[in-house]
1. Does the stretch 44-74 hold any residues that are surrounded by 14 or more Cβ atoms within 10 Å (Cβ to Cβ) and of a type in the set (A, V, I, L, M), and which are they?
2. From the set of residues in the stretch 12-43 that are among the aliphatic types (A, V, I, L, M) and within 21 Å of ARG61 (Cβ to Cβ), which is surrounded by the most Cβ atoms within 10 Å (Cβ to Cβ)?
3. Could you tell me which residue of the stretch 1-10 is modelled with the highest pLDDT, considering only residues that are of a type outside the set (Phe, Trp, Tyr) and surrounded by fewer than 14 Cβ atoms within 10 Å (Cβ to Cβ)?
4. Considering only the stretch 39-48, I want to know if a residue exists there that is over 30 Å from ARG124 (Cβ atoms), at pLDDT below 95 and part of a strand (DSSP E or B).
5. Determine which member of the set GLU100, GLU115, GLU80 is within 28 Å of VAL18 (Cα to Cα) and of a type outside the set (Phe, Trp, Tyr).
6. Applying the selection to the stretch 90-124, what residues are exposed (fewer than 13 other Cβ atoms within 10 Å of the Cβ) and in a loop (DSSP other than H, G, I, E, B)?
Amino acid sequence: MKGYLHQIHPVLPVKDVVEALDFYVNRLGFKIAFADDSKKPTYAGVIRDAIEIHLQWHDSREWEYSVNRPMVRIVTQHIEALYEEYFEKDVFNAHTLLRETAWGTKEFAFYDPFENGLTFYRDR
């Protein structure tokens with residue numbers, strides 16, 4: 001029998017887990033899957049459809065240095081509807097566009113409040 005990979009749960013660094021939960025739940029439509037503490041969590045997970053993302057507290061001093069933050073690519077169905085949903089919730093920056101790429105995808109990307117990159121895409 002061969003091993004089979006069936007899910008991935010990226011862990012994104014955040015300065016404030018409560019603030020991150022607020023963004024992912026109230027702006028991006030995720031639900032809280034778990035948290036290590038109900039009042040002041042340092043580790044939590046959010047879920048939407050079949051996607052689960054973990055959020056882990058990191059000291060704010062870590063942001064003083066120019067460090068590349070994680071980039072997550074999420075395969076999406078009905079990308080136009082998702083783009084409209086997030087556009088109406090004002091989560092994009094001025095440069096966020098739904099675009100077709102040279103590598104055969106239709107996608108849009110933006111950063112969460114802690115500079116973690118989120119790209120949502122589908123094959124054309």
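The values are calculated or read from the model by the stated rules, or taken from the named source; none is laboratory data. All of these numbers come straight from a predicted model, not from anything done at the bench. Cβ coordinates were reconstructed from backbone atoms using ideal geometry, including for glycine residues, and neighbour counts include every protein chain displayed.
1. ALA44, VAL46, ILE47, ILE51, ILE53, LEU55, VAL72, ILE74
2. Only one residue fits best here, namely VAL14.
3. Among them, the one singled out is HIS9.
4. There is no residue in the stretch 39-48 that is over 30 Å from ARG124 (Cβ atoms), at pLDDT below 95 and part of a strand (DSSP E or B).
5. Within the list GLU100, GLU115, GLU80, the selection yields GLU115.
6. If the condition is that a residue be exposed (fewer than 13 other Cβ atoms within 10 Å of the Cβ) and in a loop (DSSP other than H, G, I, E, B), then ASP90, ASN93, ALA94, HIS95, LEU97, THR101, ALA102, TRP103, GLY104, ARG124 are the ones that fit.
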